[in-house]
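Okay, structure first, notes after.
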Amino acid sequence: MPCYLRYVAAIAALLTTGVAASPLPAATLNEIGPKNRFPLAGKETDWIDGDFVIRNDQLIAVIARPGKLRDANMTTRGVGGCLIDLSRADIQSDQLSCFYPTAGRYQFFDDQLVEQGQLDDGGVFWRCKSSRSVADNQSSATIEYQLRDGNPFITVITTIKGPAAAKAKATDGVRADRTFRFATLADSTIAYCEDEHFRQTYGFEITSPSANAKSANAEWTNDRMRQIRRDALQITQSDGVAQWTTKVYPANSPLDLWGITQNGTAQTFQIKNAVGVQPRIKISVIDGDVGSVKLPAAWRSADDGKSILHLPPGDYVVRAEAIGHEPAEQTISVTNLAKTHTLTLGPASVVVADIRDEQGNAIPCKVSFYGANVNSKQTKTPNFGLDSQSGSVGNCVYSANGQFVRAIPPGTYDILISRGPEYDAVFERVKVQQGGEQKITAVLKRVIDTTGWVSAELHSHSSPSGDNTSDQLGRVENLICEHIEFAPCTEHQRIESYDDQLAILNAAAFMATCNGMELTGSPLPINHQNAFPLKLNPFAQDGGGPRTSSNPVEQIARLAMWDDNADKVVQSNHPNLKQMLFDRDLDGTDDNGFAEMLNYMDIIEVHPPEDIFLTDAQIAAMDNPGRTRMKAWMKLIASGQRIPGVVNTDAHYNHNGSGWLRNWLRCSTDAPQGIKTSEMIERLEKGEIIMSTGPFMNVTFQHDDLEQPANIGDSVNVRSDQGSLRVKVQCANWLDVNRVEVFVNGEIVPELSRTRASHPESFRDGVIKFNQELPVKLPPNSFIIVGAIGEKLELGRVMGETYGRRPPVVVSNPIYVTVQPQD
C-alpha cells in the first residue's frame with residue numbers, strides 16, 4: 001500500500017489508537033480493489049490493487065497477486081503468491097516485509113493459475129502453482145493458504161512435484177528487517193521473529209504427519225532473507241511429491257505468541273497516568289507460569305497505552321515502565337474470560353515545552369537533550385526511542401508546533417533548541433526533579449536573511465523505500481523541524497507523496513512538496529536517479545513509476561521521458577563521475593563510461609561540499625577518490641557540461657537524519673505554501689542553487705557593463721576582463737566560517753584567498769561573518785564558484801554526535817561570464 005495513504009487509512013478506520021474495529025464473523029477472501037482497500041494498518045503495509053486480503057476474527061493477511069513484476073519494495077522482490085502484510089485483527093501493526101513459501105526457490109508469476117474458494121469446514125483457501133523453479137525445469141510447487149474462523153494462524157501448505165521432491169527440505173523464507181530479532185520458542189517447534197518496539201511478532205511452525213515432527217527443531221539462517229528450516233523433519237514424500245505445512249502466527253510479542261499457542265484468552269492492558277506522548281510503554285510479566293518463556297517477558301503498548309496479550313488461566317505479576325515515570329506493578333488473575341487490566345504509573349518527571357517565533361507563533365523545532373555533568377555527577381543522556389520512529393527519537397524531540405510534554409528521568413540536562421541554520425539555537429541547562437515539572441520556554445530568532453531563497457532537501461528516504469525501517473511521518477517531522485521548505489518525496493522504486501503526513505502534522509504551511517521517486521538500479525553507485533514531479537497512481541505497482549534497467553543510460557532516459565516526457569527534474573545521485581565520464585567498468589581503461597547520461601540529467605549530487613577545498617594530491621591519496629565529487633564536477637563544467645550541483649542528506653533514519661546538508665534555491669516567494677514546483681524546476685535547471693551544511697552565502701558578480709549584478713546561476717557577457725565579486729556569508733550563533741575561496745574555471749585564485757589568520761579584518765564575529773568585494777580578472781570564458789568553510793570547526797551538538805562532526809561549509813553554483821572585447 002502507498003505510504004502516503006497509510007495514515008489516512010488508519011485514521012479512517014479509527015486505528016490511531018492501535019485497536020481495531022469489531023472483528024469479522026467468519027473467514028473471508030477478497031481481491032483488493034476500489035471497494036475493498038485499506039485492509040489493515042502498520043508501518044510496512046505494501047498491498048496494491050489486485051492483491052488478495054484474507055481475514056478472520058483473529059488476523060488479517062495480504063497475499064500478493066502473482067506476477068513477474070510484483071515487488072513489495074526495492075529490496076523485497078518477486079513476491080507474487082507470498083504473504084506481504086500480516087497482523088492480528090485486534091491490535092494492528094503490520095511489520096512484515098514478506099513471507100516466502102519455499103524461500104523463493106519457486107516463483108509465482110501467472111495469475112491464471114490461481115484458485116480460490118470455500119473449504120468444506122467453512123474456511124477459505126487461495127492456491128497457486130509456480131511458474132518458475134530455481135531447482136529444475138521439471139519441478140513445480142503449489143502453495144495453498146487456508147484460513148478458518150477462530151484460527152490464530154494462517155495455514156500454508158507447500159507441495160513440490162517432480163524430480164526436486166526427492167531432495168526437498170522443509171524450508172520457507174522471511175524478510176523482517178533491522179529491529180527484528182530471530183529466535184525459537186523454547187520447548188517448541190515454533191521459530192519466531194520479533195520487533196518489540198513496533199509491537200509485532202511472527203511465529204512459524206513447520207509441521208508434517210511424520211513421527212519426528214515434534215522433535216525436529218526449527219532453525220534460522222543468517223541471510224537477508226532469513227530462512228526457516230527444519231532439515232531434520234521427515235516431510236511427506238511419495239511418488240515424486242513432497243509436502244509440508246507451515247502455520248504462520250501474528251502476535252504482539254513472543255509471550256503473546258506463546259499464549260496464543262496455549263489457547264490463552266485475550267487480556268487487555270490499559271496503562272494510565274502516562275504523561276505526554278509515550279510511544280510503546282514497556283509492559284512485562286515478571287512472575288507467573290509462562291512455560292519455558294524466559295522472565296521477565298516484555299511487550300509494548302500502542303501510543304494510547306493499550307495492548308492485548310493472550311494468557312492461559314493463572315496468576316501473573318505484571319510491571320509497566322515508561323521513561324521518566326515511577327513503574328507500576330500489579331498481580332492479575334486470568335481466567336478463561338477476556339478481561340481489561342489497568343495499571344497506573346507513578347508520578348512522572350517532565351519537561352513542558354513552549355517554543356515560539358519572534359511574533360509569538362508556535363513553530364516546528366527540534367529539542368535535543370544531553371545529560372550534564374554537575375559537581376562530578378553525570379546525568380545520562382536520554383534515549384526516547386528508536387531512530388526509526390517519529391516524535392521522540394534518540395535524545396531528540398521533534399515537534400511540529402513547538403508545544404510538547406515529555407517525560408524524562410530526573411537529572412540535569414543541557415538542552416539545545418533549534419530550527420535549522422537560519423535560526424539562532426537556544427542553549428539552556430535545566431534540572432528536572434523527581435516527580436517534578438520543568439517548563440522550557442524559548443523564542444527562536446530567525447537571524448539569517450535569506451530573502452529570495454528557500455531551503456530544499458531533494459533526496460531522503462523512509463520505510464517504503466525498502467532499505468530502511470523508518471516511519472515516514474518521522475521523516476517529514478525531521479524535514480519541517482530542520483526548516484526545510486521544499487522537499488519532494490523520493491522513496492526508492494516507487495512514486496510517493498508526503499501530503500498526508502503534512503496534513504497529520506498540520507504543517508502544510510511550513511513545507512512545500514511534490515510526488516517523486518528514486519529509481520535505483522545497478523551498477524552502484526552510478527545508476528541511482530531521482531525525478532520529480534511524477535504522476536502518482538497510488539494503488540498500482542511502484543506507484544505507477546518506471547522500472548529499472550541495468551544500463552544506466554537506458555534507465556535515466558526512461559525516467560526523463562516518463563509521464564509522456566512531462567517537465568520534471570532528473571537528478572543523478574551520488575555518482576562516481578570517473579565511471580560516468582570515462583571508465584564504465586572501472587578497469588582503468590578509458591571507454592567513454594556512461595557519458596550519454598549527461599543528456600538526460602538536470603542536476604547532479606556533488607557532496608560532500610567540503611571536498612572542494614581538497615588539493616589534487618589529497619584526493620589522489622584517498623582510499624576511494626570516486627566518493628569525492630566537487631573537483632570532478634568543476635572539471636565537468638569546464639568541459640562544457642553546465643550541469644548544476646546539489647547536496648542532499650540521502651537520509652534513511654530519523655535521528656538527526658535531515659538538515660545537516662541542504663540547498664538554498666532562488667524563489668519568488670519566501671512563504672513555503674506559495675512555492676510552486678514549476679518554479680523549483682526552473683531554478684534548479686538554471687543552477688540558482690547554494691549548497692551548504694549550514695552557512696548561507698550570497699554571491700554576485702559586478703561589472704560596469706551590467707545594469708544589475710549577475711547572481712548565482714546567471715550567464716552574462718561583458719566587454720572587459722575586470723570585474724568584482726560581492727561575497728556575503730551569514731551564520732547563526734552555532735556556526736562559523738574562517739576561510740573563503742574563489743574558484744575560476746575550477747581553480748583557486750590565490751590572491752583572493754581569505755582566512756581569519758591571513759585577513760582578520762575581512763571577518764566578523766556577528767551574524768555576518770564575511771562581507772567583502774573582491775576584484776577579479778577573468779579569462780575569456782569563465783565560471784565562478786565561491787566556497788566558505790569553518791576549518792577545524794564542527795556543526796556541533798545541534799546536528800547530533802555523528803553529523804555534528806562535519807564542518808560548516810557553503811559552496812555556490814557557478815556564475816558564467818563570457819568576456820567579448822569590442823573590436
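Does GLY588 satisfy the condition of being surrounded by fewer than 17 Cβ atoms within 10 Å (Cβ to Cβ) and at pLDDT below 95?
Taking the combined requirement at face value, the residue satisfies it.
Mind checking which residues of the range 699-757 are basic (Lys, Arg) and more than 36 Å from the chain's Cα centre (by Cα)?
ARG719, ARG726, ARG754, ARG756
Could you please give the count of residues in the range 309-328 that are under 27 Å from THR261 (Cα atoms), within 33 Å of the chain's Cα centre (by Cα) and buried (at least 22 other Cβ atoms within 10 Å of the Cβ)?
3
Assess whether GLU801 counts as being closer than 24 Å to GLU482 by Cβ, modelled with pLDDT under 95 and open to solvent by 60 Å² or more (accessible area, probe 1.4 Å).
yes
Listed residues ALA566, ALA595; which is surrounded by fewer than 23 Cβ atoms within 10 Å (Cβ to Cβ) and over 18 Å from HIS528 (Cβ atoms)?
Being surrounded by fewer than 23 Cβ atoms within 10 Å (Cβ to Cβ) and over 18 Å from HIS528 (Cβ atoms) holds for just one of ALA566, ALA595, which is ALA566.
Are there any pairs, at least 6 apart or on different chains, whose C-beta atoms fall under 7 Å, with the first in the range 745-762 and closer than 20 Å to ILE785 by Cα and the second of a type in the set (Gly, Ala, Ser), and if so, which?
Every condition considered, the pairs that remain are ASN745/ALA638; ASN745/SER782; GLY746/ALA638; ARG754/SER762.
Looking at the range 428-453, I want the residues that are farther than 28 Å from GLY276 by Cα and hydrophobic (A, V, I, L, M, F, W, C) and have a partner that is part of a loop (DSSP other than H, G, I, E, B) and open to solvent by 80 Å² or more (accessible area, probe 1.4 Å) with Cβ atoms under 9 Å, at least 6 apart or on another chain. Which pairs are those?
VAL447/ASN733
State which residue is farthest from LEU559 (Cα to Cα) when the search covers only the range 572-584 and only residues that are open to solvent by less than 90 Å² (accessible area, probe 1.4 Å) and not polar (S, T, N, Q).
Only one residue fits best here, namely ASP583.
Considering only residues that are open to solvent by less than 10 Å² (accessible area, probe 1.4 Å), of a type in the set (Gly, Ala, Ser) and either free of Cβ contacts under 8 Å to residues at least 60 places away in the same chain or within 30 Å of THR76 (Cα to Cα) (or both), which ones fall in the range 469-517?
SER470, GLY474, ALA487, SER497, GLY516
Please go through the range 135-154 and pick out each residue that is of a type outside the set (Val, Ile, Thr), under 17 Å from GLY203 (Cα atoms) and surrounded by 18 or more Cβ atoms within 10 Å (Cβ to Cβ).
Hits for the range 135-154 are TYR145, GLN146, LEU147, PRO152, PHE153.
Scanning for something open to solvent by 20 Å² or more (accessible area, probe 1.4 Å) and more than 27 Å from PHE486 (Cα to Cα), does the range 730-741 turn up at least one residue?
Yes, because at least one residue in the range 730-741 is open to solvent by 20 Å² or more (accessible area, probe 1.4 Å) and more than 27 Å from PHE486 (Cα to Cα).
Of everything in the range 158-194, what is farther than 30 Å from LYS294 by Cβ and open to solvent by 40 Å² or more (accessible area, probe 1.4 Å)? Give them in sequence order.
Correct list: LYS161, PRO163, ALA166, LYS167.
Scan the range 418-431 for residues that are over 15 Å from ILE480 (Cβ atoms) and surrounded by 23 or more Cβ atoms within 10 Å (Cβ to Cβ) and jot them down.
ALA425
Yes/no matrix, rows are residues, columns are (1) at pLDDT below 90; (2) among the charged types (D, E, K, R); (3) out of contact with any helix residue (DSSP H, G or I) (no Cβ under 6 Å at 6 or more places or on another chain):
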position	(1), (2), (3)
CYS3	yes, no, no
TRP47	no, no, yes
LYS68	no, yes, yes
GLY80	no, no, yes
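When the range 449-468 is examined, which residues are found to be surrounded by 22 or more Cβ atoms within 10 Å (Cβ to Cβ), more than 30 Å from GLY42 (Cα to Cα) and of a type outside the set (Gly, Ala, Ser)?
TRP453, VAL454
Looking only at residues in the range 588-641 that are of a type in the set (S, T, N, Q) and outside any loop (DSSP other than H, G, I, E, B), which one is farthest from the chain's Cα centre (by Cα)?
So, considering only residues that are of a type in the set (S, T, N, Q) and outside any loop (DSSP other than H, G, I, E, B), the one farthest from the chain's Cα centre (by Cα) is GLN618.
Please work out which residue is most open to solvent (accessible area, probe 1.4 Å), limiting yourself to the range 742-786 and to residues that are in contact with a Ser or Thr (Cβ under 9 Å, 6 or more places away or on another chain) and basic (Lys, Arg).
Filtering the range 742-786 for residues that are in contact with a Ser or Thr (Cβ under 9 Å, 6 or more places away or on another chain) and basic (Lys, Arg), the one most open to solvent (accessible area, probe 1.4 Å) comes out as ARG756.
Taking the range 195-209 only, how many residues are crowded, with 24+ Cβ neighbours inside 10 Å, among the acidic types (Asp, Glu) and within 15 Å of VAL156 (Cα to Cα)?
0
Which residue, of ALA251, ALA274, is among the hydrophobic types (A, V, I, L, M, F, W, C) and in contact with a Lys or Arg (Cβ under 9 Å, 6 or more places away or on another chain)?
ALA251
Among the residues of the range 660-692, which ones are within 11 Å of VAL454 (Cβ to Cβ), in contact with an Asp or Glu (Cβ under 8 Å, 6 or more places away or on another chain) and open to solvent by 40 Å² or more (accessible area, probe 1.4 Å)?
ARG666, SER668, listed by residue number.
Could you tell me whether any residue of the range 353-366 is of a type in the set (Val, Ile, Thr) and not in a strand (DSSP E or B)?
Looking for residues that are of a type in the set (Val, Ile, Thr) and not in a strand (DSSP E or B), one finds at least one in the range 353-366, hence yes.
Results for (1) buried (at least 20 other Cβ atoms within 10 Å of the Cβ); (2) over 21 Å from VAL275 (Cα atoms); (3) touching a helix residue (DSSP H, G or I) at 6+ places or on another chain (Cβ under 6 Å), shown as yes or no for each residue.
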{"site": "GLN330", "(1), (2), (3)": "no, no, no"}
{"site": "LYS339", "(1), (2), (3)": "no, yes, no"}
{"site": "ASN361", "(1), (2), (3)": "no, yes, no"}
{"site": "LEU386", "(1), (2), (3)": "yes, no, no"}
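The values are calculated or read from the model by the stated rules, or taken from the named source; none is laboratory data. Because the structure is predicted, anything quoted here is derived from the model rather than measured. Virtual Cβ from ideal backbone geometry, glycine too; neighbours counted across all protein chains shown. Keep in mind that these areas ignore ligands, DNA and RNA; they rest on the heavy atoms of the full protein, side chains included. Shrake-Rupley method; radii C 1.70, N 1.55, O 1.52, S 1.80 Å.
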